Amino acid sequence: MSQRVIAAAAAVVAACVLAGCQAISPVRVEYPGTAVGSVIPDMALHEAMTFGDITMCLDASGSETAQIDSVEAPEGSTLEITEFSIADQGVGFGNDRITLIDAGFDPDERTLTRPCADNESGRLIVEASRSTADTASADELIVHYSATGGGPERTLWIPYAITLCAPGDEETEHCT
């Protein structure tokens, strides 16, 4: 082998090591929606609110799938994500004061298979609650995922704002 080929191979290996070998897992989860939000008034402490209209799809070709490992609110938020599930089709479920399980979703279903090219996204179903006496809010949801067959964990920030208003909150916009 020539020195040039050996140097090129070494550069590819080094890039893979430094970048965490991202090329091993081409699966990327996308949020094809726009920035939206929900403000829910008069939420009791730890009362469940389930959001079912968060679209997600795979920006990949072939038979790749993604395992959604966790969904959380940003650091410092008092909004608590208590459960989540993936529905691989449009489910026609919006927001409701009900647990994810009572709404008919399986919290163990965490595999996304719907490619963005299908023009029909899957859905992330999220159950949230207030964890303190104050109104809880988050400006986005943070989704951690990886290729179902393995690979590095990736992160998707979804611009889906949630505000769960404490009863009697007259200061927070849209809570009254």
Scan the range 86-96 for residues that are loosely packed, with under 13 Cβ neighbours inside 10 Å and either under 15 Å from residue 143 (Cα atoms) or of a type outside the set (Gly, Ala, Ser) (or both) and report the count. 1
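Kindly indicate which of 161, 117 is at pLDDT below 90, closer than 14 Å to residue 31 by Cα, out of contact with any Cys (no Cβ under 6 Å at 6 or more places or on another chain) and among the small types (Gly, Ala, Ser). Spell out how you get there, then give the answer.
Working: 161 fails: at pLDDT below 90.
None of the others qualify; the one that does is 117.
Can you go through 161, 128, 133 and tell me which one is surrounded by fewer than 22 Cβ atoms within 10 Å (Cβ to Cβ) and not in a loop (DSSP other than H, G, I, E, B)?
Numbers: 128 fails: surrounded by fewer than 22 Cβ atoms within 10 Å (Cβ to Cβ); 133 fails: not in a loop (DSSP other than H, G, I, E, B).
Every option except 161 fails the conditions.
What number of residues within the range 72-110 satisfy the criterion of being under 10 Å from residue 125 (Cβ atoms) and in contact (Cβ under 8 Å) with a residue 40 or more places away in the chain? So that I can check it myself, show each step before the final result.
If we filter the range 72-110 for residues that are under 10 Å from residue 125 (Cβ atoms), which is where we start, we get 83-87, 91, 93, 100, 103-107, 109.
Checking which are in contact (Cβ under 8 Å) with a residue 40 or more places away in the chain leaves us with 83-85, 93, 100, 103, 105.
Count: 7.
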Is there any pair linking a residue in the range 132-151 that is at positive phi to one that is part of a loop (DSSP other than H, G, I, E, B), with Cβ under 8 Å and at least six apart or on different chains, and which? 150/25; 151/21; 151/25; 151/27
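The values are calculated or read from the model by the stated rules, or taken from the named source; none is laboratory data. Just so it is clear, the model here is predicted, and its values are computed rather than measured. All Cβ positions, glycine included, derive from the backbone under ideal geometry; neighbour counts span all protein chains shown.
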